[in-house]
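The values are calculated or read from the model by the stated rules, or taken from the named source; none is laboratory data. What you see is a predicted model; the values in this text were computed from it and never measured. In this analysis, Cβ positions are derived from the backbone assuming ideal geometry, glycine residues included, and neighbour counts consider all displayed protein chains. The area values use the complete protein model at the heavy-atom level, side chains included, leaving out ligands, DNA and RNA. Shrake-Rupley method; radii C 1.70, N 1.55, O 1.52, S 1.80 Å.
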Amino acid sequence: MTAHAAIGGHDEDAAAAASNMLLAVRLAILSEVMLFGALFAAYFVIRGAGPGWPPAGHVERPELVLPGFNTLLLVTSSVTMQLAVRSARVGDRSRLLRWLGLTLLLGAIFIGIQGYEFSSNGFGLDAGTFGSTFYILTGFHGAHVLAGAALIGVVANRARLGLVTAEHHTAVEATSYYWHFVDVVWIFLFSTLYVF
């Protein structure tokens, strides 16, 4: 076997591993789509069974200002995450770290605002079906934001150590898939729980 053939074989193995990793992430996200789909279905069944929503006399729908701002934060964080992917593809470690850091900061602010909103809503899990479904959906999503932030932190650390290059940036791509998924779910949650 020639040296060129050995190198070519290694490149093919690396490309196959990267493709398999991205496929695994897509399948994991698909399972999360089904899980959130079941939660949304339960919400709509419960909501549709009642005479009004939220149930009269129990609780008022939360204000739109903070969740609207949080929506803007997450949409912006999808843009910064995609700019991180673009920086990784061209091997620009400085910009990659900057965009990942900004994405992480936006995610942290989102979680902070959501925590503040939870503490100031004026209703809790004990506020009947509205309260329990509201906190289950938003809390479950918040847990996914935290998981995404942890993934971004791991990827940023790998980039800081020089382990992310233009040739080896699959972890950045995979993390971006997850982060975009979390952002899209929030848009549906915001529309469902706050707007309609």
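Residues of segment 142-156 with backbone nitrogen within less than 20 Å of a virtual label 7 Å along the Cα-to-Cβ line of S31, please, listed as ranges.
Of the residues in segment 142-156, 142-152 have backbone N under 20 Å from the label point off S31.
Quick one: angle between helix 170-189 and the longest Cα principal axis of the chain, in degrees between 0 and 90, rounded to 10, please.
The two axes meet at around 10 degrees.
Counting only helical runs of four or more DSSP H residues, what would the 222 nm mean residue ellipticity of the chain come to if each run contributes -39,500 (n - 2.57) and the total is spread over all its residues?
Values: 5 runs with 153 residues, N = 196.
Calculated mean residue ellipticity at 222 nm is -28000 deg cm²/dmol.
With the crude spin-label approximation of a point 7 Å out along Cα→Cβ, what separation in nm comes out for V79 versus N20?
Output for this residue pair reads 3.8 nm.
Taking the dipole about the Cα centre of segment 24-164, with the C-beta of Lys and Arg at +1 and of Asp and Glu at -1, give me whichever of F130, S31, P54 is farthest to the positive side.
Checked the options; the winner is S31.
What number, in percent, do you get for the relative contact order of the chain if the mean sequence gap of Cα pairs under 8 Å and at least 6 apart is divided by its residue count? All intermediate terms of the calculation are to be shown ahead of the outcome.
Numbers: 163 pairs, mean separation 60.1, N = 196.
Relative contact order here is 31 percent.
Would you mind getting the accessible area per residue of segment 49-193, heavy atoms of the protein chains only, 1.4 Å probe, in Å²? Walk me through the numbers before you get to the answer.
Working: 6860 Å² over 145 residues.
The answer is 47 Å² per residue.
Order of 42-50, 150-158 by packing, highest average Cβ count within 10 Å first? Please report the intermediate quantities before stating the final value.
Values: 42-50: 13.1, 150-158: 17.6.
Descending packing order for the listed peptides: 150-158, 42-50.
Just to be sure I understand: if I project the alpha-carbon convex hull of the chain onto a plane and average over all orientations, what area do I get in nm²? Numbers along the way, then the final one.
Values: hull surface 49.0 nm².
Taking the Cα atoms of the chain, their convex hull projects to 12.3 nm² on average.
Please list 3J(HN,Hα) in residue order for segment 149-155, calculated via the Karplus relation 6.51 cos²θ - 1.76 cosθ + 1.60 where θ = phi - 60°; whole Hz, with x for glycine and proline.
After applying 6.51 cos²θ - 1.76 cosθ + 1.60, I find 5, 5, 4, 4, x, 5, 5 Hz.
Run the accessible area of segment 26-170 with a 1.4 Å probe and give the carbon-and-sulfur part as a rounded percent. If you can, show how the numbers build up before the last one.
Numbers: 5160 of 7670 Å².
Carbon and sulfur: 67 percent of the exposed surface of segment 26-170.
To test your reading of the geometry: what angle, between 0 and 90 degrees and rounded to tens, separates the Cα axis of helix 3-49 from the longest principal axis of the chain?
Orientation of helix 3-49: about 0 degrees from the principal axis.
Taking the Cα centre of segment 69-136 as the origin, how large is its charge dipole in debye, to the nearest 20, when only Lys and Arg (+1) and Asp and Glu (-1) carry charge on their Cβ atoms? It would help to have the intermediate numbers written out before the result.
Numbers: 5 positive and 3 negative charges, 115 e Å.
Dipole about the Cα centre, nearest 20: 560 debye.
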